[in-house]
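To keep things clear, I will list the structure first and then write my remarks on it.
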Amino acid sequence: MSILVFGDSNSHGTMPLARLGGLDRHPPDARWPVVMGRALGREVVCEGHPGRTTLHDDPIEGTHKNGLRVLPAILESHRPLDLVVIMLGTNDCKARFGLRGWDIAAALGKLALAVQGSTAGPAGAAPDVMLVAPVPVEEAGVLAEMFQGGRARSRAIAPALREEAERLGCGFFDAGRVAEVDALDGVHLGAAAQTALGVALAEAVGARLG
């Protein structure tokens, strides 16, 4: 069984930033998708892109950050897939987008619909989908101004996304229940949080796949 993780810098394994533009990553074995795959004993393909939004062209970082724009090609590249785990929404919390938690949840729903309408699953069917509410951000360090207002905005995603997942028949997981962002930059996960998230999602995904 093959699983695709479609996410942003926290799936990529970006380490908490002491300065803007930092490119350091956690070692592969410490990144949550790898932790999850090891616990499940299943193949996990990770497509984590720093700065990725749900479906918004970033006016500063570029149109290639738009998740909905690149998702169809990624699905075709990695099919057949049994499950697509989507953990996005953190970058939608940037002040430049001015979104509400409900807006972000609805955008994640659009990504789920794109997967459900694809032929990327076994025998040309659609893969199953699990929507993961991202770990809420704090306004701290070098990213504080970029994520101004993000603390409240990010905490509104999970309850709205739970309803959206139920409406679409997707799995749901709230990453904020098991992990916290690192205080250094208020956005990225430290090593312990990466491990905790990978272990918890292994249990949730395992239950979803049966």
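The table for this structure:
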read-out	value
Qualifying residue in region 21-43 (condition: in contact (Cβ under 8 Å) with a residue 60 or more places away in the chain, of a type in the set (A, V, I, L, M), within 21 Å of residue 108 (Cβ to Cβ) and not in a loop (DSSP other than H, G, I, E, B))	yes
Neighbours by Cβ (under 7 Å, 6+ apart or cross-chain): first from region 45-65, within 19 Å of residue 99 (Cβ to Cβ); second aromatic (Phe, Trp, Tyr)	56/97
Test for residue 146: is it over 15 Å from residue 54 (Cβ atoms) and at pLDDT 95 or above	yes
Of all residues in region 5-35 being of a type in the set (Asp, Glu) and surrounded by fewer than 21 Cβ atoms within 10 Å (Cβ to Cβ), the one that is nearest to residue 137 (Cα to Cα)	24
Odd one out for residue 87, checked against (1) in contact with a Lys or Arg (Cβ under 9 Å, 6 or more places away or on another chain); (2) over 17 Å from residue 118 (Cβ atoms)	(1)
Residue match in region 162-173 (condition: surrounded by fewer than 16 Cβ atoms within 10 Å (Cβ to Cβ), farther than 25 Å from residue 28 by Cβ and not acidic (Asp, Glu))	yes
Region 131-150, residues that are in contact with a Cys (Cβ under 7 Å, 6 or more places away or on another chain) and among the hydrophobic types (A, V, I, L, M, F, W, C)	131, 137, 147
Residue that is surrounded by the fewest Cβ atoms within 10 Å (Cβ to Cβ) [pool: residues in region 68-92 that are touching a residue at least 12 places away in the same chain (Cβ under 8 Å) and out of contact with any helix residue (DSSP H, G or I) (no Cβ under 8 Å at 6 or more places or on another chain)]	76
Flag for residue 206 being at pLDDT 95 or above and on the phi > 0 side of the Ramachandran plot	no
Hits in region 95-118 (condition: over 26 Å from residue 79 (Cβ atoms), over 15 Å from the mean Cα position of the chain (by Cα) and not small (Gly, Ala, Ser))	96, 97, 99, 100, 102, 103
Members of region 21-76 that are at pLDDT below 95 and touching a Cys at 6+ places or on another chain (Cβ under 6 Å)	none
Matching option when the condition is free of Cβ contacts under 8 Å to residues at least 24 places away in the same chain and hydrophobic (A, V, I, L, M, F, W, C), among 183, 192	192
Checklist (1) small (Gly, Ala, Ser); (2) crowded, with 20+ Cβ neighbours inside 10 Å; (3) under 17 Å from the mean Cα position of the chain (by Cα) applied to residue 121, failing item	(3)
Residue under evaluation residue 178, criteria (1) β-branched (Val, Ile, Thr); (2) farther than 18 Å from residue 87 by Cα; (3) free of Cβ contacts under 8 Å to residues at least 40 places away in the same chain, criterion not met	(2)
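The values are calculated or read from the model by the stated rules, or taken from the named source; none is laboratory data. Predicted, not measured: the structure shown is a model, and the values here were computed from it. We place every Cβ from the backbone using ideal geometry, glycine too, and count neighbours over all the protein chains shown.
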